[in-house]
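Okay, structure first, notes after.
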Amino acid sequence: MKRPILVIVLLLITVLGAAGGYFAGDRWDIPAATASGEAAPLGQVTPAGPTPSQTPSDPPLPVKTPVPNTIPPLETDLSFRRRTFTVSPKDYQSVQMAIEVPDGWHFKTDPKRPAEVKYLDSRNERGVRVEANRPPIPTKDALAGLVIDLKKSLPPQDDLRIQSQTTEQIVGDDDQMRTVSTLVYTYIPTDTLRYVIVRWVSTNGDDLANVEMSITGLPDDSPALDEVLLRATQSVRETG
């Protein structure tokens, strides 16, 4: 009887590990969820079976109603600044990278996620997460995998809504074409509707994503977040 239980636990850990980095973009100062599902903003991972407070006959929880956010929308026509940093993907050599992000957004790292860095606005409501994607995989495959993970991991009451899925080519600031795949979605992790853009970028002239980034904020921020996304996509590169 112990072996099936172990398999269930391993499956939960696998899903969390694959998808946790995107959810953590909601509230940048809150740790990612653990397998117990107790930490925000991930919400609770759907358990494999009933818990003491949940039986098979329990009705599903209602979909959350988002509370209006009173924060003014992020302004467009932002000024940008080139930032350099080093990340350390698991089982791979450290990678030096550069990217342009809004001027004044502050740098943040998480010792538990050495492969990525974040640049956050003064309210910690909007941010850019950048990661060295190792091993590189086709951008389309990375997008498809995240959609599956999101649908498996987010509880129905968080009201996940996929807004768009695209694959295209964008000219970088080095005048070279870059293949990118982009997923845009919204969800309600706590009480506020969040707007998330995840993009996989190939800076090597092929379709293998060596860079992964997410841009997160509020729905009303979307015009400005599109500016941030484009500048980040055009400028991001590995420098060593």
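Just so it is clear, none of the values below were taken in a lab; they were calculated from the coordinates. Not measured: the values here are computed from a predicted model. FYI the Cβ positions are ideal-geometry reconstructions off the backbone, even for glycines, and counts take in every protein chain you see.
What length, rounded to one decimal in nm, is gained on full extension from Glu168 through to Lys151, with 0.36 nm per residue of separation minus their alpha-carbon distance? List each step's numbers first, then the result.
Working: separation 17, 0.36 × 17 = 6.12 nm, distance 2.38 nm.
Result: 3.7 nm gained on full extension.
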### Query
Under unit Cβ charges (Lys, Arg +1; Asp, Glu -1), what dipole magnitude, rounded to 20 debye, does the range 193-240 have relative to its Cα centre?
80
### Formal net charge of residues neighbouring Thr139 (Cβ-Cβ distance under 12 Å; K, R +1; D, E -1)
-2
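Taking a ≥ b ≥ c as the square roots of the eigenvalues of the Cα gyration tensor of the range 80-238, is the shape rounded (a/c under 1.5), prolate (a/b larger than b/c) or oblate?
Working: a/c = 1.38, a/b = 1.22, b/c = 1.13.
Since a/c stays below 1.5, the shape of the range 80-238 is classed as rounded.
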#### Entry: Amide H contacts under 5 Å for Asn133, placed H, 5+ residues apart
Val211, Glu212
### Summary
With x for Gly and Pro, the residue-by-residue ³J(HN,Hα) of the range 60-66, computed from phi through the Karplus equation 6.51 cos²θ - 1.76 cosθ + 1.60 at θ = phi - 60° and given in whole Hz, is x, 5, x, 5, 5, 9, x
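Using a ≥ b ≥ c from the Cα gyration tensor of the range 68-122 (square roots of the eigenvalues), is it rounded, prolate or oblate, where a/c under 1.5 gives rounded and otherwise the larger of a/b and b/c decides, a/b for prolate? Don't skip to the answer; put the middle values down first.
Details: a/c = 3.71, a/b = 1.82, b/c = 2.04.
Taking the square roots of the gyration eigenvalues as a ≥ b ≥ c, the range 68-122 is oblate.
Grab the Cα-Cα distance for Val67 and Glu238, subtract it from 0.36 nm times how many residues apart they are, and report the gain in nm with one decimal.
On the way: separation 171, 0.36 × 171 = 61.56 nm, distance 3.99 nm.
Contour length minus the Cα-Cα distance gives 57.6 nm.
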#### Entry: Model label zone, Asp220; criterion: amide N under 18 Å from point 7 Å along Cα-to-beta-carbon; scope the range 125-167
125-127
### Query
Under a plain spin-label model, where a point goes 7 Å from the Cα along Cα-to-Cβ, how far apart in nm are Thr84 and Arg123?
3.3
